[in-house]
Structures are given as C-alpha cells and as structure tokens.
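Colleague: If you scroll down you'll find the structure; I have some questions about it.
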Ligand SMILES: [Zn+2]
Ligand SMILES: [Zn+2]
C-alpha cells in the first residue's frame, strides 16, 4: 500500500510520502519523501519505516500495553481484598472485652497477636510497594502525556463536528445534568471522579438523575476499562434496600439491566430475567446509550449506534440510571 500524502517541504515538489523516520534523535519532520530522505535523514536510513510497514509497527507499539488491562484487573482485585480486610479490622474495634467470656477473650487475643506478628512485614512491604508504584505512576503519566498530544488534535476535529450536529439538533439533551451519585453507590468500593462524570471500582453506582416522565431521553455512557459492566435503570428504593447487593435471580428486584457478559435482568418480566442472549455483548470502549421512551414504557440499549435490546419498564414509578461496574465507566457528553 502506498501513501496518498504529499511532502509539504516547498522545494520537494509535492513528492509522495514514502514512510516515516523513527530515529529518536532526529529533529526533522517524521514523514519523509525521496527529497527528505537525502536532505534530512542521511546517516540513519535504517531508522526509516516504509509506509507499507507502518501499520505493523504501530500495532507492535500498542500491543505491549495490553498488559495494562491484566494489571488493572489485578489492582482491582487487590483493592477489593484491602477493602475486605479493612472492614474486618474496623469491626474488631467495636469488640467489647468486658462482656467477653474466657474462651472468646482467648480467641480475640490470639487474633490480635497474629496481626502483630506480621505488622512489621506488612509495613515494610507497604513502603517498598509505594516507592515502586510511584515510579510506575510517573511512567504511565509519561505514556498518557505522549498520547494526549495526539488526542488533543482529535478533540479539535471532534468539536468542529459537534457544532455542526448541534445546529441540526432541535432539542439538545441536558446530559450535563447527568452525574454519578456520591450518595447512591456501593460506598466502600466505588469512587467518583471528574466532577461526577467518571466512576471506578467494583459495584453499583446510580446517577443523580430522575428520568423525565413526559419525554424521550437518551443517556450515554462509555465502558472505559475493566472486566464487566451492567447498566440500565432502577427503582431507587430497591437497590438501597438490598444495600447494592445482587439479588437478581427472581423478578421484583427493581432493576432493568443488561450485562457485558450477555445477561439481561428485568424487574417485571420473568421470561427475560436472569437470561443470556447472544446479541448482548458490551466490549471495552463501547458507547452505550439508554433510550428511554416513557410513554411507550420502553427501555432500549444502543451500543455504538446499534439497537441491541429493548425491554418493558414500569414508568409509573420513578426511575434512575444504574450501573454495576468492575472497572471504569464515564458519562459521555455529546449532546
Ligand atoms: Zn520531502
Ligand atoms: Zn530522521
């Protein structure tokens, strides 16, 4: 495959771009034509990638970062383990030693001595890991910075498009009102960032956004990273009652969800509750829209512009967006 690009150097007569220079020390423009090759890249010809080889070089560059996905899963699991441990530790504080029998006291003291015996090692490892993780963090930030140089250019293009779309859009949705709820979430396991526009961790999070009763609504989310996502609508009181624990086996649980692993859950309809459908698949980076038609009592999931599933919802009761995430999810603002 040949490049359609023409060289912009004014005395190179719009020669065809042959490839790019990947020499680390080279300060000249990366794309080169036959003229550039002689003028700018003499002496490091071995670092010139022909256009035909470019795609495989790009793939190779990005491939090694696949490890990050596994690593993120590992970190999420660790974070869960830490939560569990800290919850247990906290619960020990409330033990009332005055009311303990002799054998309970014996057990309690043994437990604490067990903790004490590994305390030094735990603290030593925390210090070690904190240093290493800080080093790792600055590496990742470097990767992030070098990527955002490219992405800013994309953003400019996108915002141009956005203006054009908005003119056609008679009634833009106020998606800026949509934020993840600080109050209604699995408090220990879900963090909210970016002014409420991003949620990460493992567990349920709702949005502080009552679904309007007299109009059609579309809400958009992006599955940024992680293992799984389930999203849809819920009747607020049900997840609160169950303290955001899964109780989806039989209907009446208050949720209308589809999950990335193909499951669907309906509060109303046993025939589609806790059932698996091939067409339900949510991949990383997908944009998932919830289309809510209150008059028709319908909720439709649109994944990357394709309607994949519709279910009946009870619109006589209040409804809120709800997400069960293992990873990171964002609210998409492109109204
Ligand atoms: Zn040139
Ligand atoms: Zn060069």
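The numbers here are math on the coordinates, done by the rules we state, and not lab data. Nothing here was measured: the structure is a model prediction, and the numbers come from that model. No Cβ is skipped: glycine too gets one built from the backbone with ideal geometry, and neighbour counts run over all protein chains shown.
Colleague: Tell me, what are the semi-axes, in whole angstrom and largest first, of the equivalent ellipsoid of the chain as set by the roots of 5 times the Cα gyration tensor eigenvalues?
Modeller: The answer is 47, 34, 16 Å, longest axis first.
Colleague: Okay, next question. Grab the beta carbon distance between residue 318 and residue 270, set R0 = 25 Å, and tell me the FRET efficiency rounded to 0.05. Before the final figure, lay out the partial values.
Modeller: Numbers: r = 23 Å, r/R0 = 0.91.
Efficiency, from the Cβ-Cβ distance: 0.65.
Colleague: Cut-off 16 Å, label point 7 angstrom out along Cα-to-Cβ of residue 37: give me the residues of segment 51-80 whose amide nitrogen falls inside.
Modeller: Correct set: 51-54.
Colleague: With axes computed from alpha carbons, what is the tilt in degrees of helix 51-63 against the longest principal axis of the chain, rounded to the nearest 10 within 0 to 90?
Modeller: 20 degrees
Colleague: Per the helix-only calculation at 222 nm, which mean residue ellipticity applies to the chain, given -39500 (n - 2.57) for every DSSP H run of n ≥ 4 and division by its residues, nearest 500 deg cm²/dmol? Mind dumping the intermediate values first?
Modeller: On the way: 5 runs with 118 residues, N = 335.
Using -39500 (n - 2.57) per qualifying helix, the result is -12500 deg cm²/dmol.
Colleague: Separation between the residue 50 and residue 307 pseudo-spin-labels, each 7 Å from Cα along Cα→Cβ, expressed in nm?
Modeller: The answer from the label model is 5.0 nm.
Colleague: Related question: Taking the simple approach of a point 7 Å from Cα along Cα-to-Cβ for both residue 85 and residue 15, what is their distance in nm?
Modeller: Label at residue 85, label at residue 15, 6.2 nm between them.
Colleague: Compute the FRET efficiency between residue 94 and residue 70 as 1/(1 + (r/R0)^6), taking r as their Cβ-Cβ distance and R0 = 41 Å, and round to the nearest 0.05. Please report the intermediate quantities before stating the final value.
Modeller: Details: r = 38 Å, r/R0 = 0.93.
Plugging the Cβ-Cβ distance into 1/(1 + (r/R0)^6) gives 0.60.
Colleague: Here's something else I'd like to know. Sort 93, 111 by Cβ crowding within 10 Å, fewest neighbours at the top. Could you put the intermediate results ahead of the total?
Modeller: On the way: 93 6, 111 13.
Ordered by Cβ neighbours within 10 Å, fewest first: 93, 111.
Colleague: Between residue 195 and residue 118, 0.36 nm times their residue separation minus their Cα-Cα distance comes to what?
Modeller: Numbers: separation 77, 0.36 × 77 = 27.72 nm, distance 3.94 nm.
Net length gain for the segment: 23.8 nm.
Colleague: Taking every eigenvalue of the Cα gyration tensor of segment 35-125, multiplying by 5 and rooting it, what semi-axes result, largest first, whole Å? Please list the in-between numbers first.
Modeller: Working: eigenvalues 784, 40, 16 Å².
Semi-axes from the Cα gyration tensor: 63, 14, 9 Å.
Colleague: Shifting gears a bit: Report the calculated FRET efficiency for residue 245 and residue 58 (r = Cβ-Cβ distance, R0 = 51 Å), to the nearest 0.05. List each step's numbers first, then the result.
Modeller: Values: r = 44 Å, r/R0 = 0.86.
The value I calculate is 0.70.
Colleague: To the nearest 10 degrees, how steep is helix 67-93 against the longest Cα principal axis of the chain, on a 0 to 90 scale?
Modeller: That works out to roughly 20 degrees.
Colleague: Gain in length, residue 295 to residue 78, computed as 0.36 nm per residue apart minus the alpha-carbon separation, to one decimal in nm? Walk me through the numbers on the way to the answer.
Modeller: On the way: separation 217, 0.36 × 217 = 78.12 nm, distance 4.49 nm.
Extending this stretch completely gives an extra 73.6 nm.
Colleague: I've got another one for you. Counting other beta carbons within 10 Å of each residue's own, what order do 44, 253 fall into, fewest first?
Modeller: Numbers: 44 14, 253 22.
Least crowded to most crowded, the residues run 44, 253.
Colleague: Multiply the residue gap between residue 287 and residue 104 by 0.36 nm, knock off their C-alpha separation, and tell me the result in nm, one decimal place.
Modeller: Numbers: separation 183, 0.36 × 183 = 65.88 nm, distance 5.36 nm.
60.5 nm is the gain from fully extending residue 287 to residue 104.
Colleague: Sort out for me the Cα centre separation of segment 213-265 from segment 39-87, rounded to whole Å.
Modeller: Distance between centres, Cα-based: 32 Å.
Colleague: Order these by the 10 Å Cβ neighbour count, fewest first: 30, 185.
Modeller: Numbers: 30 16, 185 24.
Exposure proxy ranking, most exposed first: 30, 185.
Colleague: Under the rule a/c < 1.5 gives rounded, and otherwise a/b versus b/c splits prolate from oblate, where does segment 249-319 land using the Cα gyration tensor?
Modeller: Oblate, since a/c reaches 1.5 and b/c is not below a/b.
Colleague: Taking the simple approach of a point 7 Å from Cα along Cα-to-Cβ for both residue 134 and residue 215, what is their distance in nm?
Modeller: Each label point lies 7 Å from its Cα, and together they span 5.0 nm.
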